[in-house]
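Below is one structure, written out as structure tokens, with a few remarks after it.
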Amino acid sequence: TYRKMAEETVNRAAALAVMVRLDWKYALHLPLAWKGFHFTNLSHFRLRLIEHEAEYLVFDRLVSKLVELGFVRRRGPQRTDSTKILGQVANLSRLEMVRETIRVTVRALVESDAVWSQGALPEAFRQEYLSGQHSYQLSQTEVVKALRQVGADGFWLLQQVDQGPSALQALSKVETMRAVWDQQFEIDEQGQYRRPRTKVDPHDLIQSPHEPEVRYRQKRGKGWQGYVAQVTETAEEKGEANFITDVAATDAQVSDVNALPEIQARLAERDVPPEEQYVDQAYLSGTRLAESAEAGIDLIGPIAQENGPCEFKLSDFAVDVEQRQATCPGGQEAVRWTVSRRSDGSLAFTAYFGGQCATCSLRPRCTTAAQGRTITIHEHHDLVVARREEMETAEFWQRMKRRPPIEGTISQVMRQGARRARYRGQRKVNLQLVFTAVAVNLKRLLNAWAQGRNPRWQAATVG
């Protein structure tokens, strides 16, 4: 499987290569007369790994071997970055997407219980929705009308299913359709269909009934439907061989800053936590700085610059979180403090300056709010301030030179076939990414040995 990923071959081609190619037999330590296996064994192998939650089995063993050989240091520097993985979905319009959802649901119902389908679903309904249609020839008025009708037809179909056998109600395609209709269409207080939603929440929006785990994400002005690949590798000095220590395919809507704790947890489980971890701005927050420091990791990366409604920013205020005191540039103290809990579990404090701002001569430079200036201070405000001060030094940016090479590693992983998902489902895509990382690590190890390169910090010769 790992050789298959290294050469970007499909199952049939990989099974044939094992039988006829000497280099494959040599790499896999197989006898020359070995007759091979049926190509479906590769699919069964992947499914068994997923069923037993053993996706990282070989990857973990390879990382352990790299530690034993000295190529990966415990507590050595590492770097992390992310990129997109394109899902196996078509780019559908809203009308096409909901019609396709009905189509695959009706097909699943017919395949599961043909007798019930014939009796419960009129022939005209089945003919209408078992054929695919496109919306690019319709006017906007026709699209709106068709979308409204599809919404009504979908609710009718779900009502029929609810009155049918329980086995049909439990079909995954039916569950997906329920979720799509909940996202796309409105019902009134009596549960009656009203109309297509004018606003939809993009965060958890299903993009395709064929791949309900795929999500839409936009980064740096470019959007895609799929997943996010998180990649971590060693960050040794120039001239040293570097190896991937962690990969994961995550939900596209999971931000980098929220993916970081799981990355660090997996590194700790492999007993290769970094002493220094180099990241870009997307991974940084006060909470992540504090958590990393508690885990003994120096999280190195730039943090976002502060924003403010006018000229004066948070740094222009004198803040004492412990004493719950804040003083504005005009010398006035906050009249009220409140405490709230953020989504990451950390605390945030809001200081209100109230009516005293109305008569302040600095008001035009500070706020335009009628109720006066308010400032929000993070629980780890001191760590954020310290990092912003550190960013003003040349030493910080000299250290950050260790981060950019991760982009070359990501490029190599993507060129190895990981850019597009070969399979459907996040766990299968994650397994694909893990296999690819193993292939990349093996290539790098073989290249290091072929060039006679051993870690400078290891005295013993490895061959």
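The values are calculated or read from the model by the stated rules, or taken from the named source; none is laboratory data. Remember, it's a predicted structure, so these values are computed and weren't measured experimentally. All Cβ positions, glycine included, derive from the backbone under ideal geometry; neighbour counts span all protein chains shown. For the accessible areas, the whole protein counts, side chains as well, though only heavy atoms, and no ligand, DNA or RNA atoms are used. Shrake-Rupley method; radii C 1.70, N 1.55, O 1.52, S 1.80 Å.
Listed values, structure above:
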| read-out | value |
| --- | --- |
| Separation in nanometres of the label points that stand 7 Å from Cα toward Cβ, at GLU68 and ARG365 | 6.6 nm |
| Mean accessible surface per residue for region 332-432, computed with a 1.4 Å probe while every protein chain stays in place, in Å² | 56 Å² |
| Given charges at Cβ of Lys, Arg, Asp, Glu: the chain dipole, positive-most of TYR423, THR141, TRP24 | TRP24 |
| Fraction in percent of alpha-carbon pairs per bin - 10 Å, region 1-124 | 9, 20, 24, 23, 15, 7, 2 |
| The chain: calculated mean residue ellipticity at 222 nm from DSSP helix runs of at least 4, using -39500 (n - 2.57) | -12500 deg cm²/dmol |
| Compactness of the chain - radius of gyration and Dmax, Cα, Å | 28.1, 92 |
| Peptides ranked, highest mean first, by Cβ atoms within 10 Å: ranges 357-365, 96-104 | 96-104, 357-365 |
| Out-of-range pairs (alpha-carbon distance over 26 Å; input LYS238/LYS443; LYS173/LYS428; LYS84/LYS428; LYS401/LYS428; LYS199/LYS222) | LYS401/LYS428 |
| Protein accessible area in the chain, 1.4 Å probe - carbon and sulfur % | 50 percent |
| Cβ crowding within 10 Å averaged over residues, with 265-276, 25-36 ranked highest first | 265-276, 25-36 |
| Accessible area of region 1-153 divided out per residue, in Å², using a probe of 1.4 angstrom | 57 Å² |
| Environment charge at GLU68 (Cβ cut-off 15 Å; Lys +1, Arg +1, Asp -1, Glu -1) | +3 |
| Most to least packed among 85-92, 335-342 [average Cβ atoms within 10 Å] | 85-92, 335-342 |
